[in-house]
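Structure, as structure tokens:
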Amino acid sequence: MFLSKDDLKLAFGIDLEIAGFYVDRKVPEGNAYWKGRKLYVNTMPAYIFMPIYTDLLFRCGIPKKDLLKESFIGLAEAIMHSAAVQEFEGRPLQQHFEESLELAQKGSVNPFLLGNLSHYFQKDSQKTELELGTPFRSLNRADAYLCALCALDFSPQLAQDLIDAWYALITFYLITDDLEDIRSDLQDGSENIAIETGLSDAAASRIENMIVDAYSKMEKLNPVMANRMDHKRQTLDVKGILRSFHTK
């Protein structure tokens, strides 16, 4: 489905210039993430999250001109290519993390963030000065995208705000995606928050609380996006979904 910059502004609260940039951008040639796609952005979370997160970075204080530079966008696209190759070829997730770090190192202007991400992906949390990751592996699987931020120059004081904005957005999207994919993920052993937390009523309550927490954080950043999240929260029967997988 084609989206205009006005659609992105009205439906997701994205700045018009940022929205127009993504709508007009051509699909990167040879990039596995966009393989077979004619549009750079559509309504699928896997593609819409990029302009939404870029807008969140702008709201947090990153200059718009920096967010629309090829150094940032190109790095993000290279990371997504790595993610697609990892998924399609069944490579270990850790390999994708390491590839993304290597990509970031080539053009990093942010040694503080790069160092923290290196420690995080190498599971050396004692050396990490930033709060990275969630308690759930399944909700951390997209974190390689944070390597794209290494192309942006910002203060260490701002870094945590940008990371918090990431988790507010990606936690919501990964949870809603996982709830739709429980059956297929059970079959092929893929990461899934519902499976990881146990498919129980207690797990459902925990997932519901995570959605509420993500919504509360998003409300302070982008009320339009937060409203979409709240609508989904109120119409999503997490307990019912998980109970359908209970053994009798």
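Within the set of other residues whose C-beta is less than 11 Å from the C-beta of Lys217, count the net charge using Lys and Arg as +1 and Asp and Glu as -1.
Local net charge: -3.
Please work out which option in (i) 44, 20, 14; (ii) 35, 21, 18; (iii) 27, 22, 19 gives semi-axes √(5λ) of the Cα gyration tensor in Å calculated from these coordinates, and answer with its label. Label (iii) holds the value from this structure. Straight-line cross-link partners of Lys123 among the lysines, defined as a Cα under 24 Å from its Cα and at least 8 positions apart when in the same chain: Lys106. Taking a sphere under 10 Å around the Cβ of Asp15 and counting the other residues whose Cβ falls inside, with K and R at +1 and D and E at -1, yields a net charge of +2. Here Lys64 is the anchor, and the aspartates and glutamates within straight C-alpha reach of less than 12 Å, apart from those fewer than 8 places off in the same chain, are Asp15, Glu17, Asp55. Computed packing ranks the peptides 203-215, 227-239 as 203-215, 227-239, most packed first, by mean other Cβ atoms within 10 Å. Extending 7 Å from Cα along the Cβ direction at Asp153 and again at Asp188 yields two label points whose distance is 4.3 nm. When the C-alpha to C-alpha distance is required to be over 29 Å, the pairs from Lys5/Lys220; Lys35/Lys69; Lys5/Lys239 that qualify are Lys5/Lys239.
Take the Cα of Asp201, step 7 Å along the line toward its Cβ, and report every residue of segment 213-248 whose backbone nitrogen sits under 15 Å from that point. Zone members listed by number: 238-247. Given R₀ = 25 Å, what would the calculated FRET efficiency be for Lys35 paired with Asp177, taking r from the Cβ atoms and rounding to 0.05? After rounding, the FRET efficiency stands at 0.85. Leu113 sits among other residues whose Cβ lies under 11 Å from its own Cβ, and their net charge, with Lys and Arg +1 and Asp and Glu -1, is -2. In the chain, the calculated helix contribution to ellipticity at 222 nm averages -20000 deg cm²/dmol per residue, counting -39,500 (n - 2.57) for every DSSP H run with n ≥ 4.
The numbers here are math on the coordinates, done by the rules we state, and not lab data. Everything quoted here is computed from the prediction, not taken from an experiment. Methodologically, a virtual Cβ is constructed for each residue, glycine included, from the backbone with ideal geometry; neighbour enumeration extends over all protein chains shown.
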